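The values are calculated or read from the model by the stated rules, or taken from the named source; none is laboratory data. This one's a predicted model, so the numbers in the text were calculated from it and none came from an experiment. Glycine also receives a Cβ, built like all others from the backbone with ideal geometry; neighbour counts cover every protein chain displayed. Side chains are part of the model used for accessible areas, which takes the heavy atoms of the whole protein and leaves out ligands, DNA and RNA. Shrake-Rupley method; radii C 1.70, N 1.55, O 1.52, S 1.80 Å.
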Amino acid sequence: MDSEKSTNNYTAQWLSGAEIPLANKFYRSHKLRGKARRHDPCMVIRGPGNQIVACGSLRKLTGSQLLAGVAVADAWRGKGIARLLLTRMTEACDTSTFTFPYQHLIPFYQSLGYVVVEEAGLPSAIVDRFHTYQKQGRDIVIMRYQGAD
């Protein structure tokens, strides 16, 4: 994985383990759900002034990985930053990559190569986390990365 790629005024960057606290500071300062872990790949999008404006990570699980913590700061929403983040992150995705988007985001994730899947036959680490999030009242689905069209 290249550590840094630029597009217009935004730079996509994979964080090193030592830089993970920057992602967690981003989540806290913007009151966003998410927590990056040192041993999981984490990408940020930096905007003007090198500030972090978006973040997402790939949580490593047994036999799979979970795209998690995808968030864009309020002031930067609607500018294509989530698409930039997720497009750049696909270099580390394969068919063992899952995510749990909210129902209203299904078309967005489909446009990035994800498909809605049923729980049957999925890794227990994915299904167990999905149920935990559902019990929290989240209106989510399970999607698997299939690659861009």
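Here are some notes:
- Selection within segment 14-29 - surrounded by fewer than 18 Cβ atoms within 10 Å (Cβ to Cβ) and in a loop (DSSP other than H, G, I, E, B): S16
- Subset of segment 56-86 (residues that are open to solvent by less than 70 Å² (accessible area, probe 1.4 Å), free of Cβ contacts under 8 Å to residues at least 40 places away in the same chain and more than 24 Å from P123 (Cβ to Cβ)): V72, W76, G80, A82
- The selection criterion, being within 24 Å of Y133 (Cα to Cα), surrounded by fewer than 18 Cβ atoms within 10 Å (Cβ to Cβ) and of a type outside the set (K, R), does not hold for T99.
- Of the listed requirements (1) farther than 17 Å from F130 by Cα; (2) within 13 Å of the chain's Cα centre (by Cα), R77 misses just one: (2).
- Of everything in segment 125-144 that is closer than 13 Å to L61 by Cα and touching a residue at least 40 places away in the same chain (Cβ under 8 Å), the residue that is least open to solvent (accessible area, probe 1.4 Å) is I126.
- Selection within segment 38-66 - out of contact with any strand residue (DSSP E or B) (no Cβ under 8 Å at 6 or more places or on another chain) and in a strand (DSSP E or B): K60, L61
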